[in-house]
1. Kindly provide the helix-only [θ] at 222 nm of chain A, computed as the sum of -39,500 (n - 2.57) over DSSP H runs of four or more divided by all residues, to the nearest 500 deg cm²/dmol?
2. Over the protein assembly as shown, with the other protein chains present, what is the accessible area per residue in square angstrom, probe 1.4 angstrom?
3. What does the average come to when, for each residue of peptide B:78-84, you count the partner chain Cβ atoms lying within 10 Å of its Cβ?
4. How high is the FRET efficiency from A:D380 to B:D324, r the C-beta distance, R0 60 Å, rounded to 0.05?
5. Take the Cβ-Cβ distance between B:R235 and B:Q292 as r, set R0 to 30 Å, and report the resulting FRET efficiency rounded to the nearest 0.05.
6. Of the heavy-atom accessible surface of the protein assembly as shown (probe 1.4 angstrom), what whole percent is carbon and sulfur?
7. For the stretch A:37-51, what does the Karplus curve 6.51 cos²θ - 1.76 cosθ + 1.60, with θ = phi - 60°, yield as ³J(HN,Hα) per residue in whole Hz, taken in order and with x for Gly and Pro?
8. Which residues does a label at B:E151 reach in the stretch B:92-122, if reach means a backbone N under 17 Å from a point 7 Å past the Cα toward the Cβ?
2 protein chains.
Amino acid sequence: MDQEEDRNAVYREALQLHEQYHGKLEIRSKVPLETRRDLSRAYTPGVAEVCRAIQKDRNLAYRYTLKRNSVAIVTDGSAVLGLGNIGGYAAIPVMEGKAILFKKFAGIDAFPICFEDAHADFPDQVRNIAPVFGGINLEDIAAPRCFEIEEALQDIGIPVMHDDQHGTAITVLAALLNACRATKKQFEDLHIVVCGAGAAGYAITRLLRCIGYNPDVCQSVRDIVVCDTQGIIHRARKGLYSNKYKFILADETNRAGRSGTLSDAMEGADVFIGVSGPGVLTEEMVRRMNDQPIIFAMANPVPEIMPDAARRAGAALVGTGRSDYPNQINNALAFPGVFRGALDAFAARINDEMKVAAAHALANYIPHPTREHILPTILDREVTRAIAIAVKKAAIESGCSRDL
Amino acid sequence: MDQEEDRNAVYREALQLHEQYHGKLEIRSKVPLETRRDLSRAYTPGVAEVCRAIQKDRNLAYRYTLKRNSVAIVTDGSAVLGLGNIGGYAAIPVMEGKAILFKKFAGIDAFPICFEDAHADFPDQVRNIAPVFGGINLEDIAAPRCFEIEEALQDIGIPVMHDDQHGTAITVLAALLNACRATKKQFEDLHIVVCGAGAAGYAITRLLRCIGYNPDVCQSVRDIVVCDTQGIIHRARKGLYSNKYKFILADETNRAGRSGTLSDAMEGADVFIGVSGPGVLTEEMVRRMNDQPIIFAMANPVPEIMPDAARRAGAALVGTGRSDYPNQINNALAFPGVFRGALDAFAARINDEMKVAAAHALANYIPHPTREHILPTILDREVTRAIAIAVKKAAIESGCSRDL
């Protein structure tokens, strides 16, 4: 069966599965409900006493309610998978799928919240539904609005993370740490090109600059150059000031002050990190890179360059977003453990220290990385545990945990 | 053990239960998630095909997602149980309890949504989270705001019902139908006093006037007089125009144009329906009623009059909200079946025909009502099925169902 046939088979099976089960998640009671006494404990009149306790001390919601273990997966459907702005309704299957991954990999009770009106005040609406949730996973929201929304929600007292940004960034950072080990490159010597300045590209770039938070392990990379559809982002580029986030990228990257196209950026680069579109990286561009380059071509389903072509042009190690090639770089490796650790720490937010700790835990999960094996499979549930422990520890050490 | 001791024991056990389980509901996957192929069907890449289908036809969300079977239980915590305005956090245990009742009695996947900010635009926020839900159960919202909110949400394309109003009204109507059978009274001859003009009192009064929708069974009652804390509601009463809903009550009830106190209202009444406060009905008032009166004293936990006192004063039949006396009148008898039927019919709303049908189904569930037994126990799951079938049928016959 060739790849297209297989893809079509998966599509058919997915429709069948969704029709058979009418969705993928269900709500279950954890408590007995068989007798009148059961009802009087779980509902009226007994529940009134629990309400009164929480009314006196709001933090008791963590002790007595689902808040301790619940995450809202919130989207407006403005940037779903590779499908674009398909809206809140069409986004439901993705959010529901993510909810069951949360349960499967992290034991977290996650529920999808799909906003119908993308023009409504997104942060205010999230803030208003926050009481029952212990965390908020923002999902599939278009850039640059996703940055503003996430920023606006950092003070609401529970962890809020846009997974398309940080889940991806954590996984890429882990992959890069292990790619260095597998290819015997020094992380701090790397010259990196990030292709794509949307949600993922922005967060990857910023997290790569944060790596110094754990100085025992490694230092920041030498330089990062970020490209978008107009080429290299640099301070003198026209129109930059209209997008605050591209201005931040220009300010924080490209120390050498390069300008030009992606092809120009690739000159002498050690690493290509693609979160852009299909086929934008040519073999010729790979040949302009330093010896034994690392290529992460994560556009989905068609990568920036196919692994065979990248290797033909000299790549030492190739990763993609796909499960049918070695080195799948998938944010599903990171988000369950990050939220598990944050919830376990009663963290008020997910800070950079926690993200870096997650990346190191994910990288260290593979004791001897090779060029064909830098990350675990997403089906390995132990990964979540390792990341959760590291994230909780980082939350405590960075003063972000709470004693509730 | 006396009643207060028992109440305190229930409170202690409720706190223990909630602490032991950390809340009462959990999310579970309904689909297999063991292999890579499972993931590719339930999540990426297969889920993209499901998204595309829903993007083309929004109604396919009912086929492919949790929407087919999901209800949001939405509150701002402004009128919780007998606790008053305790806010969104302290309301969580009640909403979570209701969610597990939905699952237990109706197989519905219900999730609590507790708004933190009671001043936000409640209808807009509900409308905005509606995509993943097949229905909205409004809960514990103070009057008269609850009326405005429910009205504003009747056009959103899914059933929206404020249970404190209509769940209570349906159960009271069923109880009254069977109380008439048990006491050999004619429904259409009844002179009824409703004490309490909040959410429940308003809805009970309006549903009693709707009973004519099923003319085969019975006609409207002869007269209803509604009392609030200021006494009888009548058209000439001062200040009435400041509350639209009390004005509607004045306009639709009290044909004889009575005025005065609750005691004046009770003169010659056949039925007392109390949804007010403890002890407001005296034995002396009961003695002013017609022969063999029916008393529903539903204030909780302390009724308007204790059953023993009511019977001493001549009551033929007494119902309360409590499980420790005969004839418990509890809205948990109604809401699971009403939503089950509405979801099964893909109803766009819950109309009066469906509510009346639910009341008749609930009443008819007891083939031979007696003065000590007018309603089934809330632990009887078959009640839900009987109500759901009737509600679905009424939805179809009243043109409120959809073919999705």
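1. Working: 17 runs with 172 residues, N = 404.
Result for chain A: -12500 deg cm²/dmol, rounded to the nearest 500.
2. 37
3. Counting other chains' Cβ atoms within 10 Å and averaging over B:78-84 gives 3.
4. Working: r = 54 Å, r/R0 = 0.89.
Efficiency, from the Cβ-Cβ distance: 0.65.
5. On the way: r = 31 Å, r/R0 = 1.04.
It comes out at approximately 0.45.
6. On the way: 13900 of 29650 Å².
Summing carbon and sulfur atoms, their accessible area is 47 percent of the total for the protein assembly as shown.
7. Calculated HN-Hα couplings, in order: 5, 4, 4, 6, 7, 7, 10, 6, x, x, 4, 4, 5, 5, 4 Hz.
8. B:122
The values are calculated or read from the model by the stated rules, or taken from the named source; none is laboratory data. Predicted model, so just to flag it, every value in this text is computed and none were measured. Every residue, glycine among them, receives a Cβ derived from its backbone with ideal geometry; neighbour counts consider all protein chains shown. Ligands, DNA and RNA are stripped out before the accessible areas are found, and what is left, the full protein with its side chains, is counted by its heavy atoms. Shrake-Rupley method; radii C 1.70, N 1.55, O 1.52, S 1.80 Å.
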